[in-house]
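J.: Got a structure for you, written out below as structure tokens; questions coming shortly.
The values are calculated or read from the model by the stated rules, or taken from the named source; none is laboratory data. What you see is a predicted model; the values in this text were computed from it and never measured. Note that we place each Cβ from the backbone using ideal geometry, even for glycine, and neighbour counts take in every protein chain shown. With ligands, DNA and RNA removed, areas are computed over all heavy atoms of the protein, side chains included. Shrake-Rupley method; radii C 1.70, N 1.55, O 1.52, S 1.80 Å.
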Amino acid sequence: MDFTDKAILSILQRDSATPVSDIAEAVGLSSTPCWRRIKKLEDDGVIRKRVVLANKEALGLSLTAFISVKTAHHTEAWLKKFAEVIRRIPEVVEVHRMSGEIDYLLKVVVPDMAHYDRVYKRLISASEFSDVTSTFSMEVLKETTELPVDYA
């Protein structure tokens with residue numbers, strides 16, 4: 001990726017609905033070469049997809065929980081079952097396999113504590129864990145979907 005590709009990607013990360021003509025003008029290209037570069041970024045897998053970022057509060061999702069999971073089961077079969085369970089819980093919006101003291105970290109968004117409790121019970125009834133700990137976000141200091149492009 002060259003400087004122009006990075007500039008295009010930065011613009012699209014801020015707003016994927018930006019018209020190609022506006023992107024082209026911002027990066028010093030005409031529309032057709034700009035569109036070709038965007039298409040190549042998509043074809044190469046740099047741009048995975050274009051999405052709408054919904055406002056959690058507008059959807060009534062005011063509680064964000066982070067669930068730390070430890071398991072005594074480190075088999076492929078257990079992981080496959082766990083992955084299937086979390087895929088079926090729409091409130092689980094991110095899952096990371098971690099290094100260190102916890103095995104998995106889940107990010108969950110729900111309307112309130114009662115809904116969180118339902119998600120928690122669904123989670124623990126479907127998989128075996130040695131420890132499950134939840135923490136709740138009090139305030140978001142930074143939240144972005146924009147990845148740094150300087151390393152490409």
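J.: Less than 20 Å from a label point 7 Å out along the Cα-to-Cβ axis of Arg118: which backbone N atoms in the stretch 83-111 qualify, by residue?
T.: Those under the cut-off are 85-94, 107-111.
J.: Would you mind getting the accessible area per residue of the chain, heavy atoms of the protein chains only, 1.4 Å probe, in Å²?
T.: Ligands and nucleic acids excluded, the figure is 69 Å² per residue.
J.: I would also like to ask the following. Once you put a point 7 Å from the Cα of Thr144 and another 7 Å from the Cα of Leu41, both along the Cβ direction, what distance in nm separates them?
T.: Taking the two extended label points, one gets 1.5 nm.
J.: Roughly what would the spin-label model give for Arg87 and Phe136, points 7 Å off Cα along C-beta, in nm?
T.: 3.1
J.: How large is ³J(HN,Hα) for each residue in the stretch 118-127, as worked out from phi by the Karplus curve 6.51 cos²θ - 1.76 cosθ + 1.60 (θ = phi - 60°), to whole Hz, x for Gly and Pro?
T.: 5, 5, 4, 5, 5, 5, 6, 7, 9, 9
J.: Right, something else. Given a 1.4 angstrom probe, I'd like the percentage of the accessible area of the stretch 11-152 that is carbon and sulfur, rounded to a whole number.
T.: Carbon plus sulfur share of accessible area: 52 percent.
J.: Normalising by the residue count of the chain, find the relative contact order in percent from Cα pairs under 8 Å and 6+ residues apart.
T.: That works out to 28 percent.
J.: Still on this structure: What longest region of the chain stays clear of GluC sites (Glu not before Pro) that DSSP places outside H, G, I, E and B and that have at most 13 other Cβ atoms within 10 Å?
T.: In short, 1-100.
J.: Quick one: putting +1 on the C-beta of Lys and Arg, -1 on the C-beta of Asp and Glu, what dipole do you get for the chain around its Cα centre, in Debye to the nearest 20?
T.: The dipole of the chain has a size of about 480 debye.
J.: How many nm is it between the label spots at Glu128 and Glu57, if each spot is 7 Å from the Cα in line with the beta carbon?
T.: Result for the modelled spin labels: 4.4 nm.
J.: What's the longest bit of the chain with no exposed trypsin sites (Lys or Arg not before Pro), using DSSP loop states and at most 12 other Cβ atoms within 10 Å as the test?
T.: That would be 89-141.
J.: Do any of Lys56/Lys142; Lys6/Lys39; Lys49/Lys142; Lys70/Lys142; Lys121/Lys142 go past 18 Å between their Cα atoms, and which?
T.: From Lys56/Lys142; Lys6/Lys39; Lys49/Lys142; Lys70/Lys142; Lys121/Lys142, over 18 Å: Lys49/Lys142; Lys70/Lys142; Lys121/Lys142.
J.: Something else about it: Rounded to the nearest 500 deg cm²/dmol, what is the calculated helix-only ellipticity per residue at 222 nm for the chain, with -39500 (n - 2.57) per DSSP H run of length n ≥ 4?
T.: Only helices count here, giving -12000 deg cm²/dmol.
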